[in-house]
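Reading through the structure tokens given below for one structure.
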Amino acid sequence: MGSSHWSLRVRRELLRLVVGGLSVQESARCCGVPYPTALVWVRLAGVDLVMGASGGVSSIPFVLRPRVGHGRRLSLQDRSRIEAGLEVRMSLREIAKMIGAAPSTVSREVRRSGLRYRSERLYAADVADYHARRERARPKQAKLDANPDLRQAVIDGLNERFSPQQIAGRLPVLFPGREDIRVSHESIYQALYVQGKGALRHELAVIKALRSGRTGRIPQSKLPPKPGRPWLEGARLTDRPAEAADRAVPGHWEGDLVVGPGKSGIVTLVERNTRFALLGRLTGARDSDTVNEVMARMIEGLPQALLKTITWDQGTEMAGHAKFTVKTGCPIFFCDPHSPWQRGTNENTNGLLREFYPKGTNFNNVTDDDLAETQRLLNIRPRATLQFATPAEKLDEHIKRVALTT
């Protein structure tokens, strides 16, 4: 089957999963795309792959270089908002104003990072950010490679068994007035440890250049490896407003998917203060764009004062959450891994939902009327935690209170 059969939305979702850390095979399975077709898309997007059973997108070392000039680098959050703006057909000038950047910056970003499929163009924030990080990580010519006199001075010092610190400190003494013959001891260490073309080790007369005798560095960081889910940056539970942790403030929701066979599912949203539940049906697709569309329809009609935050788990169905935020004004934050208690109200509601739809239920066979009745029954149940008021009554109180203050 030709690749033109698939929509741009499916292609973007697959590329987002791949650059987020999933293998091409897993990403293809999630999106319902044949593996050979997925592999073609990834290669057309210019994504470097490591092949094999545990393969996937090649890792990019974290590189932080200062920005030169008056501008700033675009972040993944900026790119996600650009993608969302393009999706709703905002102009480049409007998008630039939204993210606080120059229109020319947005124009160059879209032109440089946009992917072309036949007559259609596709901009995917995660893929654009991947290419930007790869560009920043490209090695530049080292100072020791660019200056032969400096390089020779360092080699002479190492052959005399000077340490890198001693060499760096001695150069101003040996070459006064020669500002070009200066190098930090860290640059010398890096040139010694690198095992490839241009490495100092190949030109040394001594075998043991360092007192430790090591030929490679021992990692010092005790931090866990960086996760492969870039959409979480800036949207973790620690980034959520402090008031969301207090159930006394209405307007903070918890969300999740209850899934069934045939790519069916139910989107569940529960308001933390009132325990009011909203249900939305997914049929035949559980990708990020579809979930976003269903959720946006679910909260239509609610006052903005009751749409402050939504807390979700780290499922890939929320990888495009920035578009939802742009469309609705309601930000989404993500729990820690394997921490369902951080959205306990939603977990409890999902358990109640299983009383109506046991595991294995194909939600493709559930009608919208059936689901609306289930939502009604959940929201008219008296709750002990609400002093036996119902979620529907409590939410109605808040809506009336908001109406009086506006």
Residue check, Val270 against (1) more than 18 Å from Ala392 (Cβ to Cβ); (2) assigned to a strand (DSSP E or B); (3) in contact with a Gly (Cβ under 9 Å, 6 or more places away or on another chain), all met but one. Which one?
(1)
For the stretch 343-381, name all the residues that are out of contact with any Ser or Thr (no Cβ under 7 Å at 6 or more places or on another chain), among the polar types (S, T, N, Q) and closer than 16 Å to Leu237 by Cβ.
Thr345
Report yes if Thr311 is among the β-branched types (Val, Ile, Thr) and modelled with pLDDT under 90, otherwise no.
no
Within the stretch 381-404, restricting to residues that are among the aliphatic types (A, V, I, L, M) and more than 38 Å from the chain's Cα centre (by Cα), the one that is nearest to Asn350 (Cα to Cα) is Ala384
Among the residues in the stretch 249-268, are any in contact with a Pro (Cβ under 7 Å, 6 or more places away or on another chain) and at pLDDT 90 or above?
no
Residues (in contact with a strand residue (DSSP E or B) (Cβ under 9 Å, 6 or more places away or on another chain), of a type outside the set (A, V, I, L, M, F, W, C) and under 17 Å from Ala322 (Cβ atoms)) located in the stretch 272-292
Thr290
Which listed residue is aliphatic (A, V, I, L, M), part of a loop (DSSP other than H, G, I, E, B), out of contact with any His (no Cβ under 6 Å at 6 or more places or on another chain) and at pLDDT 80 or above, from Leu86, Leu74, Leu39, Leu64:
Leu74
Residue, farthest from Ile99 (Cα to Cα), within the stretch 327-341, restricted to residues that are crowded, with 18+ Cβ neighbours inside 10 Å and in contact with a helix residue (DSSP H, G or I) (Cβ under 7 Å, 6 or more places away or on another chain):
Cys335
Of residues in the stretch 111-124 being buried (at least 19 other Cβ atoms within 10 Å of the Cβ) and either modelled with pLDDT of 80 or more or among the polar types (S, T, N, Q) (or both), the one farthest from Ala319 (Cα to Cα):
Ser113
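The values are calculated or read from the model by the stated rules, or taken from the named source; none is laboratory data. The shown structure was predicted, so the numbers you read here are calculated from the model rather than taken from an experiment. Cβ sites come from the backbone with ideal geometry, for glycine too, and all protein chains shown count toward neighbours.
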